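Presented below is the structure to which this report refers.
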Amino acid sequence: MLTSKQRAKLKGIASTTETILQVGKGGIGEPLVKQVDDALTARELIKLRVLETAPEEPSVLAQELAEATGSEVVQVIGRRLVLYRKNPKKPVLLLD
């Protein structure tokens with residue numbers, strides 16, 4: 001669980017991070033979960049975009065992706081969402 005201080009730091013980092021994945025009309029499928037999982041392992045913090053054609057609201061999709069990948073939702077702003085999962089072997093971001 002992230003503290004408010006850690007969440008604030010991650011939001012700051014995410015503001016300059018590029019969007020690397022998008023959720024489209026197919027919603028959350030096995031390939032997307034695999035891509036998100038791989039990206040979280042490599043980067044720890046990722047930003048996704050939810051297209052207008054997506055079957056659900058961004059906040060719902062964010063929760064579903066977080067549960068499927070064992071990550072945490074940092075924020076959902078409009079159609080963008082940010083997920084975080086610490087890499088236990090090689091941490092990239094230091095939050096302490």
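The values are calculated or read from the model by the stated rules, or taken from the named source; none is laboratory data. Model, not experiment: these values are computed from the prediction. Ideal geometry is used to build each Cβ from the backbone, glycine not excepted, and the neighbour counts take in all protein chains shown. Each accessible area value is taken on the protein alone, full model and side chains, heavy atoms only, with ligands, DNA and RNA left out. Shrake-Rupley method; radii C 1.70, N 1.55, O 1.52, S 1.80 Å.
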Of all residues in the range 1-31 being touching a helix residue (DSSP H, G or I) at 6+ places or on another chain (Cβ under 8 Å) and surrounded by 13 or more Cβ atoms within 10 Å (Cβ to Cβ), which is farthest from P55 (Cα to Cα)? L2
Can you give me the number of residues within the range 43-62 that are at positive phi and part of a strand (DSSP E or B)? 0
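Residue by residue, here is whether (1) open to solvent by 40 Å² or more (accessible area, probe 1.4 Å); (2) assigned to a helix (DSSP H, G or I); (3) at negative phi holds:
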site	(1), (2), (3)
T41	yes, yes, yes
E64	yes, yes, yes
A68	yes, yes, yes
V73	no, no, yes
V82	no, no, yes
P88	yes, no, yes
P91	yes, no, yes
L95	no, no, yes
Which numbered condition in (1) of a type in the set (A, V, I, L, M); (2) part of a strand (DSSP E or B); (3) more than 11 Å from the chain's Cα centre (by Cα) is the only one that I20 fails? (3)
Which condition from (1) touching a residue at least 40 places away in the same chain (Cβ under 8 Å); (2) over 18 Å from S4 (Cα atoms); (3) out of contact with any Ser or Thr (no Cβ under 9 Å at 6 or more places or on another chain) is the one that P55 breaks? (1)
Taking the range 43-62 as the region of interest, how many residues are surrounded by fewer than 19 Cβ atoms within 10 Å (Cβ to Cβ) and of a type in the set (V, I, T)? 2
